[in-house]
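Each remark here refers to the structure printed beneath this line.
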Amino acid sequence: MKRLLFLALGLLAACLSLAAFTITEGRECISLAGQWNYIVDPMDTGIYKYHMTLQKPSKRFFADRHFYQDKTKLVEYDFDMAPTMAVPGDWNTQSEKLYYYEGSVWYRRLVDFHPVPGRRWFLYFGAVNYKCMVGINNEILGEHKGGFTPFWFEVTDVLKEGENSLVVYVNNTRGVSEVPTVNYDWWNYGGITRDVLLVSVPDVFISDWRMNFDGSHIDVSVRLDGGSGPVALEIPELGLRKKACSGKDGVANFRFKASPERWSPENPRLYDIAISCGGDCIRDRVGFRTIRTEGEKILLNDKPVFLRGVALHDETIGVNPGRCRSEDDVRALLETARDLGCNFLRLAHYPHSEQMVRMAERMGFLLWEEIPCYWNIDWSSEETYANAESQLMAMIDRDYNRAAVVIWSVANETPRTPQRLDFLGRLIAKARAEDPLRLVSAALEKKLTDPRHAVVKDELIELTDLLSFNQYEGWYDGKPSDCDSLQWSIPSGKPIVISEFGGGALYGNHGNEDELFTEEYLALLYRKNLEMLVRLPGLCGLSPWCLKDFRSPKRPLTGIQDDFNRKGLVDEQGRRKQAFYVVKEYYRSLTPSPVRP
Ligand code: GCB
């Protein structure tokens, strides 16, 4: 019974014990990256007892028949004899057999552990898609769902001296009431896709800290876990050295006047910050900037800014692209965006990795981050809402201290229904309550009332800071030349950010400007769209769809798509289509200065 209760509370406990768990350079971390053994389990044999039906799965993920426990006698399976794959990494691009696979895979990693007196240990996962169950030495630690945000378990009392067996059950089956739902336009990469770390902290440690800058004051709140004590804060380049005592709630607050150099795309200035308490110390780099809207303008550090953006998926550039795993993967994407002349990225359609956000910040990109409330999810389900909210909170928790992030977005192209308005309204209120200093948005839609008349009408606009919408004139709607005479009805009073526009082309496919999927068609489409969009009063930013051709099983057109959405400005290998240069030229015409190398 106790075990069952533990199971049921596993996820909850993991999320409640710490508001956020700060993993930074200042921490002692052991990376568990490497080759892990895996067993593919399409029938969930490791979960179901033989008389169980799919409708009534066992609560016990490690079933009684010893299945998929580690270190048992050789019956049906043996992790030692199983093949290996790289963690972090998606499974789809590591084995041909798993290319389209959606189902369960069991991972096993042996972990050599030597406890240190006075230290606590946490097992941290950067992201696992989509749901997982984690066990050590055949004891279940808990479960988690949501494919793009971090989670962790305390393992201080679970790890034993010497060899430990870490088993992770991962399942990426799509579900109607999940977030995202069953229908979306990207690859459902399964697996342990981001870092796995063993993190060591003292008994009393800094579990979370948040910094705000309002233009004249810096506020820092520091949360301790395991006790209270004096907390020291240092920002040496500002000459700041402060001390505060945490209250009974374990929170220490700092507030002081300061005039730091502002972080911006032109000058992505970061300052060292150190926060310490007893034996724990966090070191990080932080930027200071303000962001707000005023009428139809976006003001960065009180000055109007135009977002020269592009949208992208978390997928590598290469002949066999998959989820980004390394700094080099991320750098290749960001350098392509920088060469395009961007100062802004829409990280679509789910939280990207922390590496991505941090590198983008160093390079000077403003960021839009979003959760996968994409198209038509199960708006009436409270469970779906709770899932979406927990993904939103986890994203905000992880990236709260990143100056680069200026927009939290709650949804993409969602149908206008009362249930959806209620659902997204609650998410927006939650984001604002959690983070009052950033902008909140959602990518809405343009509709044609007739071929010459585009309308953006959505009750959600009342609730967001930006008027952001996707529009595909010249692709899903009409021809590129229709842009010349299209009439627009858009509410006024808010800054407009076009969160998507574009079309498809196969790199190297040449022809006339009226031939679909040729580079020439796409280049014309971009020229016409840009001419049209810059005429919209209140236009403050653009994020073309998208930077790079990305895998999508929705795109089977043989010889052209071959499982790739071809709307990239570069192809999957990074080769630039003509449209890339059209956007680049336009951005150059606006650019005061490029982002840093
Ligand atoms: C959209 C979606 C995006 C798709 C794109 C397309 O509006 O937001 O995720 O990939 O259209 O290519 O159709």
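The values are calculated or read from the model by the stated rules, or taken from the named source; none is laboratory data. No experiment lies behind these values; they were computed from the predicted model shown. So basically every Cβ, Gly included, is an ideal-geometry build from the backbone, and we count neighbours across all protein chains shown. For the accessible areas, the whole protein counts, side chains as well, though only heavy atoms, and no ligand, DNA or RNA atoms are used. Shrake-Rupley method; radii C 1.70, N 1.55, O 1.52, S 1.80 Å.
With everything on Cα atoms, drop me the angle between helix 327-340 and the longest principal axis of the chain, reported from 0 to 90° to the nearest 10.
10 degrees
Glu500 accessible area, nearest 10 Å², 1.4 Å probe?
Using a 1.4 Å probe on the heavy atoms, I get roughly 10 Å².
Dipole of the stretch 467-563 (Lys/Arg Cβ +1, Asp/Glu Cβ -1, origin at the Cα centre): which of Gln561, Gly538, Thr518 lies farthest to the positive side?
With unit charges placed on the Cβ atoms, the residue in question is Gly538.
Using the Cα gyration tensor of the stretch 105-223, with a ≥ b ≥ c the square roots of its eigenvalues, what is the shape: rounded (a/c below 1.5), prolate (a/b larger than b/c) or oblate (neither)?
On the way: a/c = 2.84, a/b = 1.06, b/c = 2.69.
Here the stretch 105-223 falls in the oblate category.
Any chance you could give the angle, 0 to 90 degrees and rounded to 10, that helix 418-434 forms with the longest Cα principal axis of the chain?
It is inclined by approximately 70 degrees.
For the chain, what does the relative contact order come out to in percent, with C-alpha contacts under 8 Å and a separation of six or more? Provide the component values of the computation, followed by the final result.
Numbers: 1412 pairs, mean separation 71.5, N = 597.
Normalised by residue count, the contact order of the chain is 12 percent.
How far is the Cα center of the stretch 396-468 from the Cα center of the stretch 359-393, in Å?
Using only Cα atoms, the two centres lie 11 Å from each other.
Could you work out the relative contact order of the stretch 238-319? I mean the mean sequence separation of Cα pairs under 8 Å and 6+ apart, divided by the number of residues, in percent. Don't skip to the end; give the middle numbers.
Values: 72 pairs, mean separation 13.0, N = 82.
Here the relative contact order equals 16 percent.
On full extension of the chain, what length is gained from Asn512 through Lys457, given 0.36 nm per residue of separation minus the C-alpha to C-alpha distance? Can you show the working numbers first?
Numbers: separation 55, 0.36 × 55 = 19.80 nm, distance 3.53 nm.
Full-extension gain reported as 16.3 nm.
Taking a quarter of the surface of the Cα convex hull of the stretch 168-210, what do you get in nm²?
On the way: hull surface 23.0 nm².
Projected area, direction-averaged: 5.7 nm².
Arrange the residues Cys324, Cys245 by how much accessible surface each exposes, largest first, with a 1.4 angstrom probe.
On the way: Cys324 10, Cys245 100 Å².
The ordering from most to least exposed comes out as Cys245, Cys324.
How would Leu299, Leu448 line up by accessible area, probe 1.4 Å, largest first?
Sorted descending by solvent-accessible area, the residues read Leu448, Leu299.
Counting pairs of alpha carbon atoms under 8 Å apart in space and at least six apart in sequence, what relative contact order in percent does the stretch 406-458 give?
About 43 percent, as a whole number.
I want the antiparallel fraction of DSSP beta bridges within the chain, as a percent rounded to 5.
Of all bridge pairs located within the chain, approximately 70 percent are antiparallel.
What is the log10 of I(q)/I(0) for the stretch 457-535, computed with the Debye formula using one identical point scatterer on each Cα and no solvent, at q = 0.14, 0.18 Å⁻¹?
With no solvent term, the Cα-only Debye profile gives -0.51, -0.75.
First select every other residue whose beta carbon is under 12 angstrom from the beta carbon of Lys447; then total the charges, Lys and Arg +1, Asp and Glu -1. Walk me through the intermediate numbers first.
On the way: positive: Arg416, Lys446, Lys457; negative: Glu413, Glu445, Asp450, Asp458, Glu473, Asp477.
Residues near Lys447 contribute -3 overall.
Report, to the nearest 10°, how far helix 354-363 tilts away from the longest principal axis of the Cα atoms in the chain, using its own Cα long axis and a range of 0 to 90°.
50 degrees
Can you give the net charge of the other residues whose Cβ lies under 12 Å from the Cβ of Glu520, counting K and R as +1 and D and E as -1?
Working: positive: Arg527, Lys577; negative: Glu513, Asp514, Glu515, Glu519.
Value of the local net charge: -2.
Rounded if a/c is under 1.5, else prolate if a/b is larger than b/c, else oblate: which is the chain, with a ≥ b ≥ c the root eigenvalues of its Cα gyration tensor? Don't jump to the answer; show the numbers that get you there.
Details: a/c = 1.84, a/b = 1.25, b/c = 1.47.
Verdict is oblate for the chain.
Taking a 1.4 Å probe, which of His313, His453 shows the most accessible area, and what order do the others take after it? Mind showing how you got there, number by number?
On the way: His313 15, His453 55 Å².
The ranking, largest first, comes out as His453, His313.
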